[in-house]
1. Which of the strands (runs of 3 or more DSSP E) contained wholly in the range 203-260 include at least 3 residues that are modelled with pLDDT of 95 or more and within 30 Å of residue 153 (Cα to Cα)?
2. Check 197, 121 and return the single one that is assigned by TED's automatic domain parsing to the domain that holds residue 230 and either out of contact with any strand residue (DSSP E or B) (no Cβ under 7 Å at 6 or more places or on another chain) or assigned to a loop (DSSP other than H, G, I, E, B) (or both).
3. In the range 237-255, what count of residues is obtained for those that are within 12 Å of the ligand (Cβ to nearest atom) and either without any contact (Cβ under 8 Å) to a residue 60 or more places away in the chain or in contact with a helix residue (DSSP H, G or I) (Cβ under 6 Å, 6 or more places away or on another chain) (or both)?
4. Which of the residues that make up the range 43-55 are in contact with a helix residue (DSSP H, G or I) (Cβ under 6 Å, 6 or more places away or on another chain) and at pLDDT 95 or above?
5. When you check residue 164 against the structure, is it outside the structural domain of residue 33 (by TED's automatic domain parsing) and either away from the ligand (no atom under 11 Å from the Cβ) or over 30 Å from residue 31 (Cβ atoms) (or both), yes or no?
6. Name the single residue, out of those in the range 53-81 being buried (at least 23 other Cβ atoms within 10 Å of the Cβ) and under 16 Å from residue 28 (Cβ atoms), that is farthest from the ligand (Cβ to nearest atom).
7. Taking the range 82-95, which residues are within 13 Å of the ligand (Cβ to nearest atom) and either assigned to a strand (DSSP E or B) or over 17 Å from residue 254 (Cα atoms) (or both)?
8. Which of the residues belonging to the range 124-139 are more than 10 Å from the ligand (Cβ to nearest atom) and either in a loop (DSSP other than H, G, I, E, B) or buried (at least 22 other Cβ atoms within 10 Å of the Cβ) (or both)?
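The values are calculated or read from the model by the stated rules, or taken from the named source; none is laboratory data. Just so it is clear, the structure is predicted and the values come from calculations on it, not from any experiment. Glycine also receives a Cβ, built like all others from the backbone with ideal geometry; neighbour counts cover every protein chain displayed.
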Ligand SMILES: Cc1cc2nc3c(=O)[nH]c(=O)nc-3n(C[C@H](O)[C@H](O)[C@H](O)COP(=O)(O)O)c2cc1C
């Protein structure tokens, strides 16, 4: 089978998943690319993919697929097209995220032929707690690109078997989020509205000041990373505790894991 058309489907609040997906796509050198960025759209239209191959990517949240993108992914189904799964994690662990993504997508008619767990700057990284800052780096991206080439080789050999992917059933319990959200430093804020534009769940409003509804916040930190003035920050004691844990236990750079 020749690869002419690649569908890129991803949820990527801080952009690291997108970077890796793009590098894999570059390695595939397909003639046509269709892009479905699920990060902002609340309800993408139903899509049935009947030809080409799909690359589906998500960040890892507490060892699982983020709840915030489940509805968006559920709108996609396929006719057993070859599919590559990608999980981006912040140098702690990816745990059950890839097997969960495999279950979700297989049920919808995607035939998983390859998967990869890559490392991206942790959403909670700060200058004082630089967890996986700079990842995916040049090495990660070159590995992602060659992964793309290897996938092409596999599919062109008409080999469509599903590799064994690390992860457990039942999945680890979900961690309940809610009630914690980034704050705005009014002294630094210029009310430019970027935080509202990049929020995947649309909970930031900018008028005379910035308001954030804390309850539906998914703590993705898209607004924190996008704010050029450094006015947004997530400083809740629980998050500070996670930063300390990550610095102490997850500072040694991990390597991407490929399943082919
Ligand atoms: C709520 C939340 C939970 C996270 N849980 C994990 C985790 O379990 N393991 C890990 O290594 N990184 C974890 N991370 C970090 C993200 O997986 C990582 O920063 C990823 O690169 C973000 O992808 P994106 O840039 O596409 O948004 C978490 C981030 C958030 C916001």
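1. Ranges flagged: 257-259.
2. 197
3. 2
4. Answer for the range 43-55, where residues must be in contact with a helix residue (DSSP H, G or I) (Cβ under 6 Å, 6 or more places away or on another chain) and at pLDDT 95 or above: just 55.
5. Answer is no for this residue.
6. Result: 53.
7. 86, 87, 88, 89
8. Scanning the range 124-139 gives 126, 127, 128, 129, 130, 133, 134, 137.
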